[in-house]
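Asker: Before I ask anything, here is the structure I am working with.
Here, each number is a calculation from the coordinates, and none is a lab measurement. This is a predicted model, so every value here is computed, not measured.
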Amino acid sequence: AADMALSDITSVIPADEVIDAMHQIGLLIPKSLRETSEAGLAKTPTALQIEKRLHGKE
């Protein structure tokens, strides 16, 4: 998306429709596969250390 923006490509699909479609897809994806802090990068050792530091649990 960033490359498209920087290359001045104009989308034929209006931005609102793209956002709506992305939202609908997001609703279909199980919560465990979304970046919700319940899985993925949020559960890596480094992320858990950062969480402890931010919440004063170190």
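Asker: Percent of alpha carbon pairs in the chain separated by more than 13 Å? Walk me through the numbers on the way to the answer.
Answerer: On the way: 1213 of 1653 pairs.
When all Cα pairs of the chain are counted, 73 percent exceed 13 Å.
Asker: Hey, another quick one. ³J(HN,Hα) across region 33-47 via Karplus (A = 6.51, B = -1.76, C = 1.60, θ = phi - 60°), whole Hz, x for Gly/Pro?
Answerer: 9, 8, 7, 10, 6, 9, 7, x, 4, 5, 10, 6, x, 5, 4
Asker: I'd like the orientation of helix 15-28 relative to the chain: the angle between its Cα long axis and the longest Cα principal axis, in ° from 0 to 90, rounded to 10.
Answerer: Computed tilt is about 40 degrees.
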